[in-house]
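Please read through the structure below; I'll follow up with questions.
Read the figures in this text as sums done on the coordinates, not as results from a lab. This one's a predicted model, so the numbers in the text were calculated from it and none came from an experiment. Neighbour counts run over all protein chains shown; Cβ positions are idealised from the backbone, glycine included.
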Ligand SMILES: Cc1ncc(C[n+]2csc(CCOP(=O)(O)OP(=O)(O)O)c2C)c(N)n1
Ligand SMILES: Cc1ncc(C[n+]2csc(CCOP(=O)(O)OP(=O)(O)O)c2C)c(N)n1
Ligand SMILES: [Mg+2]
Ligand SMILES: [Mg+2]
């Protein structure tokens, strides 16, 4: 990673996510966004670094905490924001909202709000690619909380048994809602767990976008080459509450503050500045560009329309309701 | 294990199971036993050795292949056989049949025909004992096929996380119906898998009743002492088909013959003879005693009654049907 | 139970918490187990404070393993405990359904009556909060299909406070569905409120013109519809089923014998909903009492969409209930 | 499809196998996946021989991981394949229900119509073989509650042979329930038999006195009951629903408009069964056509017991169907 423009690009991606999420929090308070809202603030380096490592023909599966993934994958902020509003112009036509971002063009398959629910799907994606001899990989994101679910076990075994081209990408932010990892896993070494399925596994500093990218690129190329599935554990942290309803009784302010010192964005800004690639003016320009994009996204969402209620039962089945 | 009488007792237990199962096969052909019938022939050393290691206050959970466990646990052959017939005098009042042997007196909790379905229950048994500070253990049997199920994963993690007094007893007979272990597990080292939950795990020669007993006794005492759950893998083999419907297309006659040479009963007879503990006459006497017991069981079952059809909805709920 | 007429102002959530506290205090075999019931304080803050009061053994956070911990609750019940298992929402309960159907509901029968499973499983249910397709299910009617379990749907503060203990004393598995929209319901509750029966439906409003049958989260809307009808001079009787399995048909049919007309309100998807079963029972047991076909107002057969206007259109609303009632009344014999 | 009138003698099992073979041969995107479908030859020998013919990639044995491989089938369908997933029996399908309800049935809608899931899931269903409580479920009616999936219940050789391909061509998930008692059903099948429609119920026997509605494993018993009734001079019309979701109500109601009386036969537990839904629809759509209340003959609300006499008593039998028909006919308007 030597190219200055690329590095600034990474920073810009992270900034887009951060500002987008901050705007969402604001819009949630204003009642524009409803339902559950899970912010990705603090974890931006992961989605950013991973998406840089994938090709357009690859598939991505994510969770309900997926705005960052959607943006980094290239779904326009306009379409994502309109989806948050529930507008017809949203990327899921407004049907899904914050937890169910989908986009066929970028092969972004959600947006799954059942913890662990995407893992078996990912195995199936890999199976299809393998059977069709397509050199594609499927990237499946999930939180460390999902590791306790039976579907984690079943999907990792299937993928390894059948040597499927799947990347299992665990975003270990230490908490599943209020449950700290040592309170949910007898063995908190998640890579060791993954290896028990005979799957290569590697911990990655999830607060360092370049580390994420380097580790992921290597894994992607091995998976694409037919080496079977891999597991990556990104060690990260969410700076905000689990969702907008969470009083955060379960962790110290102190702990949060410690992690904030490792902010993936602030840290990277400092690094680029130290490397002479970025100065205050350039950063301000970046911020301005991002602010413009977000403002445009909000405007787009505001201007969007509501799907006519007559279409309620559309898309239950391909040909009308069943 | 020096006591000659004890050793002959182990042989007798295994013989009881073998002859009982052979009789069941016969009765199945005669149409006396119906439904699915899964025989334990070849695996007798496991149930026999394990049950010797448990106390009456311990709990036992087993699968649909559980006649051997039921007999070894001390449920009278009469009540088990009557259950196979579906008679009112059966240990489950005839409601369960071959796959659902239950007995409150010996704390035998089935007889579960959903693969993996007993594992979470076992964790709950252990949780209750632990919360009540009772020095009991729960022994949960399952086949190696169950290891791929999500419930295996969830139950082992819970038991280890909460340090529950549960013995996870895997009867690895190499096949789940027609599926050989390497076709269902990416990692066929089941002990390694169990250890990934931070649980002590140990392979045991499941064809050697004394080895089973020694390993299980040690594990039971550690579990009872509060050391947390353990996993034991008994390497064994079923000499017969999976059930009475299985054409056995999936394995070589050759392989079966090789394993039969390691018959837990024939091998133990030879050992006891070599040790001068058993001679032909004594063996014949043992066989005669067992034959008598089985004949009595069949007679009991034959003489049993059918539950009146008016009682059909009894025991759906404690107080009549809901 | 208490003779006092004093009341306290409380919420459905607090009433549930009082019931949990009471149960935990009453019997050492009782414990609460589920995702985030402890440190987090419960997703809906129902169990907030109980961890501090009863300790982490008895207010037990679980890993995300629905089948595992529901099965563990069943096992603990078999082994002498009285577990209260919280499945955060019914949306996640499908992951535990095998344990519920093939173990909890079946063990007593399969064992010839030797074993019982006195577990109580609580879960939030229902739509209406813009949580979209995967988080808005109403599965209580679906669960009511299964013999061997009892299904409760507290719709009032009394029932939120009172059903839990009665459920725990039931020797068989009981599932309590708490409509998530009710948690903030506020009102007066008798100061000495305690256990209530779980066998009978309740007439929540008396009337002669027609019978409105409902339960849980739809009770409020149905009562509101009855208000609207009353303004038009139509006296609707409103029945809160309270228990979906076993159904208290006598109470339903007694009302029907008086009104001869019935509308059922139920948030579940229409086909195969609980309302269908009630229509079938009426068909079987009271066909000749009917002056008009029984009508139903149900969830539209669509995964619940996120936008408010579409979600509102997908589940029963007051206007739809009123309309169905008027249509039913317009039939002439 | 073929104009020929030649027939071959075959069984339901062989017809299913022919359908699988045909599908595997027709389209390289088709594959069969499930527990023991390959080496073992299928628990019910349906897929016997297919492994040798199509290889282990396309006739794929899976580990015991119902949620995992059903979810993988859904994922593969999303990613361009046409998977046929066999869940050995519906008894084990609860372990995969979350994948079916929250992913397969929901993804098209949640994604605003961008993605479809053209998976076919096959499972054996039904009681009658003395397999006791955990292995005798009839869940097809239960599944029919869920929008977004289609439920098929082939009851004849033609449908065993013909429904699979049509199901595969459906852009949405389809579940095929094969009653395990039918596998040995023998009869004549048109030599050129191929795909059949999956939209319409079928009138399997014509009559004017009353309508018997059923599907799947109960069709044979219902036809036998119609024979018994015919001996008494009563001409019963027998309707085979074929598809439980979406229900073909027009065919049912056309018959009812002629006969004015109806009995529904359905092996599922009575409360919340498919029969309840049909009774509800009749109530809603054809109340004034009825000369008697619709009756139903269902599974008794008990986990299925092992002994034959109790199992027989727990599920619909010919005598019970005849009795219900006679009772229905005895009502005078
Ligand atoms: C099967 C299931 N159980 C419970 C929930 C409720 N829930 C939503 S998010 C969450 C925490 C998940 O934690 P983790 O997997 O670590 O992801 P994170 O939120 O930290 O990104 C829980 C328990 C759910 N959505 N699905
Ligand atoms: C959840 C579930 N899936 C499938 C089955 C069908 N089935 C019954 S026994 C069996 C094989 C189990 O193998 P294993 O666990 O190794 O036990 P074994 O029969 O070898 O003793 C299968 C697949 C079942 N009963 N339950
Ligand atoms: Mg997390
Ligand atoms: Mg095995």
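In the stretch D:202-330, what percentage of the DSSP-assigned beta bridges are antiparallel, given to the nearest 5?
Numbers: 3 of 16 bridges.
Close to 20 percent.
What's the exposure ranking of A:253, A:87, going from fewest to most Cβ atoms within 10 Å? Don't skip to the answer; put the middle values down first.
On the way: A:253 8, A:87 21.
Ordered from fewest to most neighbouring Cβ atoms within 10 Å, A:253, A:87 come out as A:253, A:87.
Right, another one. Taking the radius of gyration and the Kirkwood hydrodynamic radius from Cα positions alone, what is the Rg/Rh ratio for the stretch C:202-330, to two decimal places?
Looking at the stretch C:202-330, the ratio lands at 0.95.
Order these peptides, D:66-72, A:219-225, by their mean beta-carbon neighbour count within 10 angstrom, highest first.
The packing order, highest mean first, is D:66-72, A:219-225.
Can I ask one more? How many Å³ per residue does the convex hull of the Cα positions in the stretch A:135-210 occupy?
102
Please report, for residue B:305, the nm distances (one decimal) from its label point, 7 Å out from Cα along the beta-carbon direction, to the equivalent points in the remaining copies, shortest first.
Ordered by distance, the counterparts are at 7.6 nm.
Turning to a different aspect of this structure: Looking at the stretch A:4-311, send over the antiparallel percent of its DSSP beta bridges, to the nearest 5.
Roughly 10 percent of the DSSP beta bridges within the stretch A:4-311 come out antiparallel.
Next question, about the same structure. Give or take rounding to whole Å, what are the principal axis extents of the alpha carbon atoms in the protein assembly as shown, in descending order?
100, 82, 81
Where the label is 7 Å out from Cα toward Cβ, how close does residue D:25 come to the same position in every other copy, in nm, shortest first?
Those separations, rounded to one decimal, come out as 7.5 nm.
Here's something else I'd like to know. Share of Cα-Cα pairs in the stretch B:92-190 beyond 23 Å, in percent?
Working: 1548 of 4851 pairs.
So the portion of pairs separated by more than 23 Å is 32 percent.
Suppose a student asked you for the relative contact order of the stretch D:9-190, using Cα pairs under 8 Å spaced at least 6 residues apart; what percent would you report?
Rounded, it is 27 percent for the stretch D:9-190.
Could you work out the mean count of beta carbons from other protein chains within 10 Å of each residue's beta carbon in D:240-248?
Mean inter-chain Cβ contacts per residue within 10 Å come to 2.
For a quick check, take a GNM of chain A with Cα springs below 10 Å and name the residue from A:226, A:206, A:111 with the largest mean-square fluctuation.
A:226
Further, regarding this structure: In degrees between 0 and 90, to the nearest 10, how far off the longest principal axis of chain C does helix C:66-78 point, with axes built from Cα atoms?
80
Counting alpha carbon pairs within less than 8 Å and at least 6 residues apart, what relative contact order, in whole percent, applies to chain D?
Worked out over chain D, it gives 17 percent.
Just the Kirkwood number for chain B, please: inverse of mean 1/r across all distinct Cα pairs, in Å, one decimal.
Hydrodynamic radius (Kirkwood, Cα only) of chain B equals 20.1 Å.
While we're looking at this one, here's another question. Please arrange B:197, C:44, C:288 by counting, for each residue, the other beta carbons lying within 10 Å of its beta carbon, fewest first. Spell out each step's value before the answer.
Details: B:197 24, C:44 20, C:288 8.
By the 10 Å Cβ count, ascending, the order reads C:288, C:44, B:197.
Would you work out if the stretch A:1-123 is rounded, prolate or oblate? Take a ≥ b ≥ c from the square roots of the eigenvalues of the alpha-carbon gyration tensor; rounded if a/c is under 1.5, else prolate when a/b is larger than b/c, oblate otherwise. Numbers along the way, then the final one.
Numbers: a/c = 1.74, a/b = 1.22, b/c = 1.43.
Oblate.
Same structure again: Using a Förster radius of 22 Å, what is the FRET efficiency between residue B:279 and residue B:256 based on their Cβ-Cβ separation? Nearest 0.05, please.
0.15
If you don't mind, another one. At a threshold of 8 angstrom on Cα-Cα distance, excluding pairs fewer than six apart, so keeping six or more, what relative contact order does the stretch A:4-311 reach in percent?
24
GNM on chain D, C-alpha springs below 10 Å: top fluctuator among D:243, D:153, D:43?
D:43
Taking every residue in A:106-114, how many Cβ atoms of other protein chains lie within 10 Å of its Cβ, on average? If you can, show how the numbers build up before the last one.
Numbers: counts 0, 2, 2, 7, 7, 5, 6, 9, 13.
Mean partner-chain Cβ count within 10 Å for A:106-114: 6.
Nearest the rotation axis from A to B, which residue of chain A has its beta carbon, and at what whole-angstrom distance?
So the closest residue, with its distance, comes out as A:150, 1.
Using only the Cα atoms of the stretch D:9-190, what are the Rg and Dmax in Å?
15.2, 47
Turning to a different aspect of this structure: Quick one: label points 7 angstrom along Cα→Cβ at residue A:218, distances to the other copies in nm, smallest first?
Spacings between copies for this position, smallest first, are 4.0 nm.
Another question about this same structure. With axes computed from alpha carbons, what is the tilt in degrees of helix C:249-259 against the longest principal axis of chain C, rounded to the nearest 10 within 0 to 90?
Orientation of helix C:249-259: about 20 degrees from the principal axis.
Identify the residue of chain D whose Cβ lies closest to the rotation axis that maps chain D onto chain C, and give that distance in whole Å.
D:276, 2
Here's another thing I want to ask about it. Hey, for a label at residue D:6 modelled as a point 7 Å past Cα toward Cβ, could you say which residues of the stretch D:171-201 have their backbone N under 19 Å away?
Residues passing the 19 Å test: D:187-195.
Taking beta carbons within 10 Å but only from partner chains, what does the mean come to for residues B:86-93? Present the calculation step by step, with values, prior to reporting the outcome.
On the way: counts 9, 1, 2, 0, 3, 3, 10, 9.
Across the residues of B:86-93, the mean count of other-chain Cβ atoms within 10 Å is 5.
Assuming R0 = 30 Å, what is the FRET efficiency of residue B:311 and residue D:291, from their Cβ-Cβ distance, to the nearest 0.05?
Here the calculated transfer efficiency is 0.25.
I want to check the label-to-label distance for residue A:248 and residue A:292. Put each point 7 Å from Cα in the C-beta direction and report it in nm to one decimal.
According to this spin-label approximation, the distance is 3.3 nm.
Sticking with this structure for a sec: Could you work out how far helix D:274-286 tilts from the main Cα principal axis of chain D, as a 0 to 90 degree angle to the nearest 10?
Tilt relative to chain D: about 60 degrees.
Just the number, please: percent antiparallel of the DSSP beta bridges in the stretch C:9-190, rounded to the nearest 5.
Here the antiparallel bridges make up roughly 10 percent for the stretch C:9-190.
What per residue convex hull volume, in Å³, do the alpha-carbon atoms of the stretch C:123-200 yield?
Values: hull volume 7.4 nm³, N = 78.
In the stretch C:123-200, the Cα hull volume divided by residue count equals 95 Å³.
For a protection proxy built on the mean count of beta-carbon atoms within 10 angstrom, sort A:169-182, D:138-151 highest first, please. Could you put the intermediate results ahead of the total?
Details: A:169-182: 22.3, D:138-151: 25.7.
The peptides rank, most packed first, as D:138-151, A:169-182.
On to the next question. Which ordering of B:166, D:203 is given by a fewest-first count of other beta-carbon atoms within 10 Å?
Ranked by crowding around the Cβ, least crowded first: D:203, B:166.
Still on this structure, please answer the following. log₁₀ I(q)/I(0) of chain C at q = 0.11 Å⁻¹, via Debye over equal Cα point scatterers, no solvent, to two decimals?
Debye output, listed in q order: -0.70.
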